[in-house]
Amino acid sequence: MALTHGTLPTITDGLVISLDAGNVKSIGNYSASSSSTITYVGGTSQDDSSSDLTLTGLQSGDLVLFYSASDSVNRNTPSSGWTAIPGLGTQPDNDNNPDSAAFYKFSTGTSVTAGNLDDDGVHVMIAFRGVDSSNPFNVNSVETFGFFGMPNPTTITTTDGCMIVAVGLLDDDDVASSVTAPSGYTLAVVDDTSSSDCTVMTAYKTQTSAGSENPGAFGGSGSDTYKAQTNALQKITISGTETWTNLVGSINGTITNSSEVVFNSDGWFDWTDGPGSDTTGGYVSLPNTAVTLGATYTIEVWNYYDASSPPQAPWTGGNLWTNSAEDDWSTGAGNNNGLLFGYNSVVYRNTSGTEIEVDYSSNPTTQVWHQHVLVVDSGSGTVYVDKTSVASLSNMRTLGQSNGTLGIGIADKIGGSDYRGEYLGFISVVKVYVGKALTLSEITQNYNALKDRYGI
């Protein structure tokens with residue numbers, strides 16, 4: 001259930017906290033995993049056409065590799081934003097053996113386009129997920145040349161386990177239908193022309209540890225001059241303290257009891273313990289002294305409820321957000337200004353100090369990703385689930401810095417020891433806006449920006 005990214009920007013006005021488990025910059029200091037896994041996303045190609053080539057089905061951060069070849073027509077640099085693959089010399093390489101080009105680009109949305117293409121030869125794009133955007137290649141790529149045979153990528157020596165990508169650019173021969181991957185590799189995209197011009201072939205293999213890797217030759221019936229390239233893609237390394245890093249400031253989330261709040265590299269945290277009271281509650285805390293919610297604010301959470309034990313109330317499970325740690329809600333003791341933003345209701349103290357619980361008009365379904373939004377504007381509030389209003393709140397108190405610990409995925413601490421109302425399911429994104437009450441139009445924009453990520 002890997003997540004994909006949307007194409008629209010989210011609202012940033014008033015945004016003070018942005019935690020995104022699908023963004024490596026947000027989870028890059030989390031120590032639950034030592035590294036990511038690089039996966040092949042897909043590819044596309046075209047031959048004898050100057051039309052823009054577009055690869056779809058991507059998410060932001062995917063690495064796209066572009067290869068082009070022709071018997072005797074110069075290759076162009078694709079537009080726009082493409083960078084020459086390091087180690088392969090000047091690109092394009094128009095030496096007629098065949099003429100070729102090798103470039104890369106990171107996706108910023110759900111698709112990547114290569115323009116400025118010549119109408120002769122073959123153009124190929126393939127994409128990989130989990131590649132380090134700051135250092136996409138473990139070592140420089142290597143290229144070899146040959147005569148009268150199938151492309152034979154040469155040895156590359158890596159410093160870490162990598163995704164190895166083997167590429168063959170065959171002059172003159174159109175043999176795509178006969179191409180097979182080097183031994184141990186998986187064939188990706190292969191294409192040729194219809195004019196005995198050239199064939200481009202790609203394949204990949206996960207290398208589990210550092211060292212030398214020699215892909216060997218592609219199989220097939222080609223027998224002309226060729227170029228063969230070996231690329232080593234660098235995986236993302238995740239190390240450091242158990243911190244969920246804020247993307248818009250210094251107010252970071254701290255993971256408590258990481259055995260119960262488990263990071264999933266597909267883009268979320270998994271709360272595994274669920275409802276009940278115990279001494280090892282797992283949650284994410286934010287320093288209460290760093291944020292004054294005030295009288296006007298917005299909290300947005302993208303989450304997925306586990307169907308194995310559906311939460312029924314904020315204090316028995318399913319809490320998304322709390323501003324009330326150390327407050328015993330059942331007796332009204334402790335901090336009377338707290339807030340519980342939960343599965344099927346919101347609990348708060350009104351301006352008179354009375355505990356108020358407002359249930360949603362309909363409970364969110366389980367095993368489906370949801371956008372939950374709580375908008376509070378000068379004492380009046382509205383809860384939206386998937387941009388639909390489900391509850392209205394009134395006479396809400398202003399929340400200052402001292403109004404309890406800000407917590408994600410926990411309803412309450414009882415007496416500073418037992419934890420109550422732990423969440424059960426996944427949480428992927430948490431956003432907090434201060435002094436900003438998102439409108440329905442803005443909530444919808446945020447929803448549309450991320451819905452593709454969750455298969456909505």
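The values are calculated or read from the model by the stated rules, or taken from the named source; none is laboratory data. Since the structure is predicted, the reported quantities are computational estimates derived from the model, not experimental observations. Backbone-built Cβ (ideal geometry, glycine too); neighbour counts: all protein chains shown.
When the test is whether a residue is without any contact (Cβ under 8 Å) to a residue 60 or more places away in the chain, out of contact with any strand residue (DSSP E or B) (no Cβ under 8 Å at 6 or more places or on another chain) and of a type outside the set (Ser, Thr, Tyr), Asn140 passes it. I want to confirm something. Restricting to the range 120-164 and keeping residues that are surrounded by fewer than 19 Cβ atoms within 10 Å (Cβ to Cβ) and hydroxyl-bearing (Ser, Thr, Tyr), which single residue is farthest from the chain's Cα centre (by Cα)? Applying the filter and picking the extreme gives Thr144. Under the condition of being at positive phi and under 32 Å from the mean Cα position of the chain (by Cα), the residues counted in the range 167-218 number 2. Number of residues in the range 360-391 that are part of a strand (DSSP E or B) and surrounded by fewer than 17 Cβ atoms within 10 Å (Cβ to Cβ): the value is 4. Answer yes or no: is there a residue in the range 172-185 that is assigned to a strand (DSSP E or B) and among the aromatic types (Phe, Trp, Tyr). Within the range 172-185 (the criterion being assigned to a strand (DSSP E or B) and among the aromatic types (Phe, Trp, Tyr)), the answer is no, since none of the residues qualifies. The set of residues in the range 346-384 that are touching a helix residue (DSSP H, G or I) at 6+ places or on another chain (Cβ under 6 Å) and farther than 22 Å from Lys451 by Cβ contains only Val347. For the range 407-432, the candidate set comprises residues that are more than 26 Å from Thr365 (Cα to Cα) and in a strand (DSSP E or B); within that set, the residue that is modelled with the lowest pLDDT is Ile414. Does Ser212 qualify as being under 20 Å from Gly87 (Cα atoms) and modelled with pLDDT of 95 or more? Here the answer is yes, as Ser212 does meet what is asked. Does Thr208 satisfy being of a type in the set (Val, Ile, Thr), assigned to a loop (DSSP other than H, G, I, E, B) and surrounded by fewer than 24 Cβ atoms within 10 Å (Cβ to Cβ)? In short, yes.
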